[in-house]
Amino acid sequence: MDGYYAWMIVATALVLMMTVPALALFYGGMTRSKSVLNMMMMSFVAFAAVGVVFVLWGWSEGWGADGLGNNNGDLIANPFSMFGLHGVSPGNYIYVLFQLTFAAITAALISGAIADRVRLSAWIVFTVLWVTLVYFPIAHNIWGGGWWYSKFPNLDYAGGTVVHINAGVAGGVLALIIGKRVGWPRELTRPHNLTLTMIGAGLLWFGWYGFNVGSMVFNDSTTKAWGGFSAQFQGEMGTTFLNTTVATMCAMLAWLLTERILHGKATSLGAASGVVAGLVAITPSCGAVNTLGAIVVGAVAGIACAIAVGLKYKIGLDDSLDVVGVHLVGGIIGALLIGFVGTTSSPQGVDGLFPAGSNGLFYGGDLTLLGHQAMGVLFTLVWSGGITAVLGLGIKYTIGWRVTRDDEMSGIDNAEHGESAYDWGGLSAGGHGLGAAPAATSTAPPPAAETRETVRA
Amino acid sequence: MKQVTAIVKPFKLDDVKVALEVLGIQGLTVAEVQGFGRQKGHTEVYRGAEYTVDLVPKVRIDVLVSDGDADKVVDSIVEAARTGKIGDGKVWVTTVDTLVRVRTGERGADAV
């Protein structure tokens, strides 16, 4: 058990890294240079705000009914029974923290849909309300034990539905309510630094091993016996680690091939996006498919998401960094493909977590599994879409979402934060005389002693 | 005195510099500039969306020379900067009325 506990500490830190800095880098590189700091800040503050809420009432509301389980069959657990982690054993804190990092990245993911134009205060208010009314209930109802799960048990190993479909639909709804950026799509925005985006995508991939492989839940029979525990630990983690890797590689290649055919070039942004699309799609399915299944999941996600990111121009939705095209579409593909390539010989199948007697269509099953998966997706689309719309409109007509048009055009970094991301070395930059820097430049001869005194004075 | 101004492809800057050094030119001023001519811009594709880059990066070189040197400086720059493909740039000469070297106060041709 010590080894598992040590692994969970590592896994939790890995998932934290996915938000700060991986997601912040991934998104930040795709924005314009005048709004990169705001984009990165949206991930940073979302993590902080959601994290505080999580230890106050989030754990209690989503998981708290009986401490580590949530098998109460209700829509939510009591948010106040374990308020401030009251009554939670420190030995369970690592599981609290692990779940905290998931809630935080889900809120942060939404920010990509509304880049460049939202006031920081409105965003913080939104994340607090959103995790309370959307994330915790959905986690409770999809990840076993809540009201919906008691009706339609479905498979979501690490949060393809709870995290990615949830964030994807919320992002789409918010982009619709908040509206397009000034000039979009007449003036398209070009990613200002794709090296940041590629670093971010690489760190996301690395961190995702904590996300997926850390999401193992011990089944009842194995926790009772050391040998069974060890066998599940090793076998299941090997499978989820391998599936996560294989699907991601296939999705990257599939995205590159798709855009090469459709648009003529295989791009670095396509590679980074393909990595994320594959990781999203294998998230719900990494414990329910075998190696060939993971290849199918990754390849389908890569192709579908590469096509889906073009749809926003057709419907006129400024989902700025494609939260819908990558996370909603990838999440739905991952959830539904379990109905096709899910197999009872997978870890979750062996653990008896497949809905009664079901199996994937490709492995001789009927439509039961696909149907249950679809019901999990449906619940999340309706709950998240509906409540996000109410929250989004509520903020729009009270405190307001947008920075002013002038601030948006001149750059939200300066308007909201009073900073700029880069010193371009122009006339107003440090060391060039017109700025606030000391007068002496590095190429000038050393100033005489009295001059130095003057500078100091 | 004459001011020779050249707009050339950025990767040709080193060739031009070497050519001018061979001529014995003492100094020049370089700026990164953007613009378009017959070359126009190019398109880039990000997640399937076409982005038109209509201003092309170029390097602008300014050289001050005495009247007699202007023609061979122009020829030398043109030879060094030419690739034969579209977008090689332009070189022109303007007359300079007054020239002062800041450090010494020398004026006119002495300040070149």
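Just a few scattered comments:
- Ordered by the number of other Cβ atoms lying within 10 Å of each residue's own Cβ, fewest first, A:PHE102, A:PHE340 fall into the sequence A:PHE340, A:PHE102.
- Shielding of peptide B:48-59 by partners, expressed as the average count of other chain Cβ atoms within 10 Å per residue Cβ, is 3.
- Net charge dipole, chain A: roughly 860 debye, given to the nearest 20, about the Cα centre with Cβ charges of +1 for Lys and Arg and -1 for Asp and Glu.
- For B:LYS40, a cut-off of 15 angstrom between C-alpha atoms picks up these aspartates and glutamates, skipping any fewer than 8 places away in its own chain: B:ASP54, B:ASP88.
- For the residues of B:6-17, the average number of beta carbons from a partner chain within 10 Å of their own beta carbon is 0.
- Cut-off under 5 Å, modelled amide H: who pairs with B:VAL53 long-range: B:HIS42, B:THR43, B:GLU44
- With a simple spin-label model that places each label point 7 Å from the Cα along the Cα-to-Cβ direction, the separation between A:TYR422 and A:ALA48 comes to 2.6 nm.
- Two-decimal Rg/Rh across the protein assembly as shown, once Rg and the Kirkwood Rh are taken from alpha-carbon atoms: 1.11
- Rounded to whole Hz, the Karplus (6.51, -1.76, 1.60) HN-Hα couplings of region B:13-21, x for glycine and proline: 4, 4, 4, 5, 4, 4, 4, 6, 5
- Separation of the alpha carbons by more than 23 angstrom is noted, of B:LYS17/B:LYS85; A:LYS34/A:LYS314; A:LYS180/A:LYS314, for A:LYS34/A:LYS314.
- Residue (of A:MET18, A:SER35, A:TRP59) at the positive-pole extreme of region A:12-150, dipole from beta-carbon charges: A:SER35
- Length-normalised contact order for chain A - Cα pairs under 8 Å, 6+ apart - percent: 21
- Number of partner chain Cβ atoms within 10 Å, mean per residue of B:38-47: 5
- Multiplying the residue separation of A:VAL217 and A:LYS265 by 0.36 nm and removing their Cα-Cα distance gives an extension gain of 13.1 nm.
- FRET efficiency for B:GLN39 and A:ARG186, using Cβ-Cβ distance with R0 set to 35 Å, rounded to 0.05: 0.90
- Helical contribution to [θ] at 222 nm, DSSP H n ≥ 4, -39,500 (n - 2.57), averaged over the protein assembly as shown, rounded to 500: -16000 deg cm²/dmol
- Legend: ranking of residues A:SER60, A:SER420 from fewest to most surrounding C-beta atoms inside 10 Å; resulting order A:SER420, A:SER60.
- Between A:GLY364, A:GLY352, A:VAL217, the Cα set farthest toward the positive side of the dipole of chain A (charges on each charged residue's Cβ, about the Cα centre) is that of A:GLY364.
- Counting charges near B:GLY108 (Lys, Arg +1; Asp, Glu -1) among other residues having Cβ under 15 Å from its Cβ returns a value of -2.
FYI, it's all coordinate maths here, none of it is from the lab. Just so you know, these numbers come straight off a predicted model, no measurement behind them. Every residue, glycine among them, receives a Cβ derived from its backbone with ideal geometry; neighbour counts consider all protein chains shown.
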